[in-house]
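Since the structure comes first, as structure tokens, the remarks are kept for the end.
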Amino acid sequence: MTTNPEPAPATAFTPQRPQDVLAADRVAAVVRGSSVADPAGLAAALAAEGVRCVEFTFTIPGVLDVIASAASAEGAVVGAGTVLTADDARAAIDAGARFIVSPGLALDVVEPCHTAGVPFFLGALTPTEVMTAVRAGSAAVKLFPGGLGGPRYLKDLRGPFPEVGFVPSGGITPDTAPEFLAAGALAVFAGSDLVPRSAVETGDLTAVVKRAEAYRAALRASGHLTSR
């Protein structure tokens, strides 16, 4: 059974497992766009602000080159998102992805991830889907779309699944992130509200840093984050 540990104290040391990094940082970035101007710079800027897990989705043209570039960023834990097939999972891992994320129950990704020793996060919404993800070995369960049921729905799911690590994704903001964490989320995946497409495509790292600071401030103020 996937566990939902107590949030780890945030320190300067980067844990080896992406799920441990998530538990420490409480927020990960989901990057989308028609291009990524500076993959390594973006990942490094986010990591420096305490958002070390950075997911680049397969909706980005040339995403494998993007992942390969970003994987060299100091302090960052780079992963691949919107992974739907075994071939895409293998290619992303070969490019340097340290974790794999799917929006749903893409069970084809399980075997290549197990073979490579790379954790994966399957998407689920219903109780049946949660059970399927857990049985497949999902390191945590991506609750998607998180905004559909909101924190109340997550709290309801935590009733029968108290040991499952949930990571809501979709429509997460600095205002709602603390609410999801209070409802029992391991962490949250933040997309365009943290890494706007315009900033991704133009390389506006200043805008991204400001967004990351806002998330960190909200989590710290709500007591869900220890400064590091």
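Checking the structure you have, find out if any residue of region 93-103 is open to solvent by less than 20 Å² (accessible area, probe 1.4 Å), part of a strand (DSSP E or B) and without any contact (Cβ under 8 Å) to a residue 24 or more places away in the chain.
yes
Check off (1) open to solvent by less than 40 Å² (accessible area, probe 1.4 Å); (2) over 21 Å from VAL27 (Cα atoms) for ALA73 and give me the number that stays unchecked.
Of (1) open to solvent by less than 40 Å² (accessible area, probe 1.4 Å); (2) over 21 Å from VAL27 (Cα atoms), only one is false for ALA73: (2).
Identify, from the list THR132, THR128, the residue that is closer than 25 Å to PHE56 by Cα and of a type in the set (Val, Ile, Thr).
Among THR132, THR128, only THR132 is closer than 25 Å to PHE56 by Cα and of a type in the set (Val, Ile, Thr).
Out of all the residues in region 165-199, which are of a type in the set (Val, Ile, Thr) and touching a strand residue (DSSP E or B) at 6+ places or on another chain (Cβ under 7 Å)?
Within region 165-199, VAL167, ILE172, VAL188, VAL195 meet the criteria.
From the set of residues in region 82-91 that are part of a helix (DSSP H, G or I) and in contact with a Phe, Trp or Tyr (Cβ under 8 Å, 6 or more places away or on another chain), which is least open to solvent (accessible area, probe 1.4 Å)?
This residue is ALA89.
Every residue, every condition in (1) outside any loop (DSSP other than H, G, I, E, B); (2) more than 18 Å from LEU225 (Cα to Cα); (3) without any contact (Cβ under 8 Å) to a residue 40 or more places away in the chain, yes or no:
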position	(1), (2), (3)
ALA28	yes, no, no
GLY33	no, yes, no
VAL36	no, yes, no
LEU42	yes, yes, no
LEU46	yes, no, no
THR59	no, yes, yes
GLU74	no, yes, yes
GLY79	yes, yes, no
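Take region 95-132 and flag every residue that is out of contact with any helix residue (DSSP H, G or I) (no Cβ under 9 Å at 6 or more places or on another chain) and of a type outside the set (Val, Ile, Thr).
Within region 95-132, PRO103, HIS114, GLY117, GLU129, MET131 meet the criteria.
The values are calculated or read from the model by the stated rules, or taken from the named source; none is laboratory data. Keep in mind that what you see is a predicted model, and the values were worked out from it rather than measured. With ideal geometry, Cβ positions are generated from the backbone for all residues, glycine too; neighbour counts draw on all protein chains shown. Calculation scope for accessible area: heavy atoms of the full protein, side chains included, ligands and nucleic acids excluded. Shrake-Rupley method; radii C 1.70, N 1.55, O 1.52, S 1.80 Å.
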